[in-house]
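Here the structure is laid out as structure tokens; the discussion comes afterwards.
The values are calculated or read from the model by the stated rules, or taken from the named source; none is laboratory data. Bear in mind that the values here come from a model prediction, so they are computed numbers and not experimental data. Here the Cβ is made from the backbone with ideal geometry for all residues, glycine too, and neighbour counts use every protein chain on show. With ligands, DNA and RNA removed, areas are computed over all heavy atoms of the protein, side chains included. Shrake-Rupley method; radii C 1.70, N 1.55, O 1.52, S 1.80 Å.
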Amino acid sequence: MITRHLVDRQKLNEFHPFTRLRDLLEATPPGRSPLDDGQPINLSIGEPQTQPPTFVAHEISQAATGWSRYPLSKGTPDYLSACGQWLEKRYSLPKDMVDPTKHILGVPGTREGLFMTALTILPTPKQGEETPIFLTPNPCYHVYTGAAAAAGAEVVTVNATRESGYLPDYTQVPEEILKRTALCVLCSPSNPEGAVADPQRIRDLIDLARKYDFVVAFDECYAEIYTDTPPHSAFEIAADLGGDLSNILIFHSLSKRSSAAGLRCGFIAGDEKWISMINTTCQVGGAGVPLPIQAAGTRLWQDEEHVVENRARYQQNFKLAQEILGNTIPVEIPAGGFCLWLEVGNGVQATRNLWQQAGIRVMPGAYMSHKDETGTTPGDRYIRLALVYDVDYMAIALKAIKEVLGQTIAVGGLATGITPSLTNKKPKGDNA
Ligand SMILES: Cc1ncc(COP(=O)(O)O)c(C=O)c1O
């Protein structure tokens, strides 16, 4: 379903998921959690709780003289080159397809990168004086809509549901909307569902973008966290199409890959014209990535060992979730990412129950979604659990979740809306 939204940039808190979650739980004291100290367990945020490799601290201290200097907004040659080499190796790209000096821009994270991109691309009206359109999946990472609203664009959401493989089908968007579209996002692996786009879906979107002259922001920040098969990048498809990067931007960071959300280190790569213009926006209003952080980031992009370990831990966590929850609640192990998108009937009620009874904080799917034309959201029936702790901790949390949600289901029966036939079915996504 395709829905148009006018989002007021002064009311971003109305759809900011963490503000809404705070408001929901504020008045309710948390139950005692199953941890030894009874303290709350936070599974509401996609923030890896394991530490990045110890060499990060060493690299930062070695580069400490850089604290006194303003960083170049684009990134140091070493940092840009490490990002370029990583892309080339990870996606088997032809040599010379990516020139780090032209096609890569260092940014503190994909969040800042996406925001600066929207501010740069969206203010330009397409089709005469009409407000440009920003196309986004629904549900989605809230920063997409926030950035579009801040840039004064009209937001058009395309529902991502079980039926659509948990990804938006942009080929169904009417032509009059595509003509006004200036920017579109595809997140793969997606947040919150963990669905992975196959090469055909990516190629169709690139074709559409080139036909209607809009830019696609491919949010690939979960690219390194996958269950079986490494997700494809838009750059691989661009390479197959001859290597042209026009209309394509990809977004990566070390936050998920290297468990370094606090480092604030990532990059955007793609269309040379837009990389240069986004760089100008960052020069005017961005903070840049401090030089010692870029030194650590350079080393992290060059190291794969810690990434393999991280990925294995998330794979174990998913297996555990299936073992523990599987007989009680339908568990669909996603193709990528580290979140479980769990269908529980009433996501807001389940969130309240988990908090009140077991001190476990999760994110209601509705808070990551926008109302469509039916007046409901595609996330209403879901909660998102970020499985971001080590396996032992996750086992404790998941057992408590089973207990609370199992009781709800037993008491409410089908009133919860859970269809028993869905139990343990895999998603129909491109990787199903
Ligand atoms: C889909 C998605 N994109 C981007 C981000 C931003 O991450 P960062 O700015 O740390 O790279 C997040 C963080 O949760 C996310 O889930």
- Item | region 249-264 versus region 296-325: alpha-carbon centroid distance in Å | 13
- Given springs between every Cα pair under 10 Å in a Gaussian network model of the chain, which of LEU208, LEU25, LEU249 has the largest fluctuation? LEU25
- Message: Given an 8 Å cut-off on Cα distances and at least 6 residues of separation, report the relative contact order of the chain as a percent.
- Response: 25
- For region 39-96 and region 345-405, what is the separation of their C-alpha centers, rounded to whole Å? 31
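Defining a contact as two alpha carbons under 8 Å apart and six or more residues distant in sequence, what relative contact order in percent does region 136-195 show? Walk me through the intermediate numbers first.
On the way: 56 pairs, mean separation 23.6, N = 60.
It rounds to 39 percent for region 136-195.
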- Listed by chain and number, the aspartates and glutamates with an alpha carbon less than 12 angstrom from that of LYS399, same-chain partners under 8 positions apart left out, are GLU323
- Query: Given DSSP loops and a limit of at most 15 other Cβ atoms within 10 Å, what is the longest stretch of the chain that contains no such GluC sites (Glu not before Pro)?
  - Reply: 131-303
- Residue-normalised 222 nm signal for the chain, counting each DSSP H run of n ≥ 4 as -39,500 (n - 2.57), nearest 500 deg cm²/dmol, is -12000 deg cm²/dmol
- Cα gyration tensor of region 1-133, axes a ≥ b ≥ c as square roots of the eigenvalues: rounded (a/c below 1.5), prolate (a/b > b/c) or oblate? oblate
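Using the Cα gyration tensor of region 127-208, with a ≥ b ≥ c the square roots of its eigenvalues, what is the shape: rounded (a/c below 1.5), prolate (a/b larger than b/c) or oblate (neither)?
oblate
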- Query: Considering the Cα trace of region 170-292, what is its radius of gyration and what is Dmax, both in angstroms?
  - Reply: 15.2, 47
- Task: For ASP23, ASP99, ASP219, give the ranking by accessible area with the largest first, probe 1.4 Å.
- Result: ASP23, ASP99, ASP219
- What order do ARG90, ARG210, ARG384, ARG9 take when sorted by accessible area (1.4 Å probe), most exposed first? ARG9, ARG210, ARG90, ARG384
- Heavy-atom accessible area of ILE396 with all protein chains present, probe 1.4 Å, nearest 10 Å²? 70
- When we measure straight from the Cα of LYS74, which aspartates and glutamates land under 16 angstrom away, once same-chain ones fewer than 8 places off are left out? ASP99, GLU112, ASP271, GLU272
- How much of the DSSP beta bridge set in the chain is antiparallel, as a percent to the nearest 5? 50
- Convex hull volume of the Cα atoms in region 268-422, per residue, in Å³? 194
- Any residue on another chain or 5+ positions along whose placed amide H is under 5 Å from the amide H of ILE41 is listed here as ILE360, ARG361
- Item | Convex hull volume per residue for the chain, taking Cα atoms only, in Å³ | 142
- Might you work out the accessible area of HIS252 for me, using a 1.4 Å probe with all protein chains in place, and round it to the nearest 10 Å²? 10
- Task: Given the options ARG69, ARG313, ARG352, state which has the largest fluctuation in a GNM of the chain using a 10 Å cut-off (strictly under) for Cα springs.
- Result: ARG69
- Of SER188, SER233, SER253, the one that fluctuates the most in a GNM where the chain has Cα springs shorter than 10 Å: SER233
- Message: Heavy atoms of the protein only, probe of 1.4 Å, neighbouring chains included. What is the accessible area of THR76 in Å², nearest 10?
- Response: 30
- Under the Karplus relation 6.51 cos²θ - 1.76 cosθ + 1.60, θ = phi - 60°, what is the ordered set of whole-Hz ³J(HN,Hα) values for region 179-195, x standing for Gly and Pro? 5, 8, 6, 9, 8, 9, 10, 10, 9, 8, x, 7, 10, x, 8, x, 7
- Message: Using 31 Å as the Cα-Cα cut-off, could you pick out the over-long pairs in LYS95/LYS256; LYS211/LYS256; LYS179/LYS256; LYS102/LYS371?
- Response: LYS211/LYS256; LYS179/LYS256; LYS102/LYS371
- Based on the alpha-carbon gyration tensor of region 55-305 and its eigenvalue square roots a ≥ b ≥ c, which shape applies: rounded if a/c is under 1.5, prolate if not and a/b is larger than b/c, or oblate? prolate
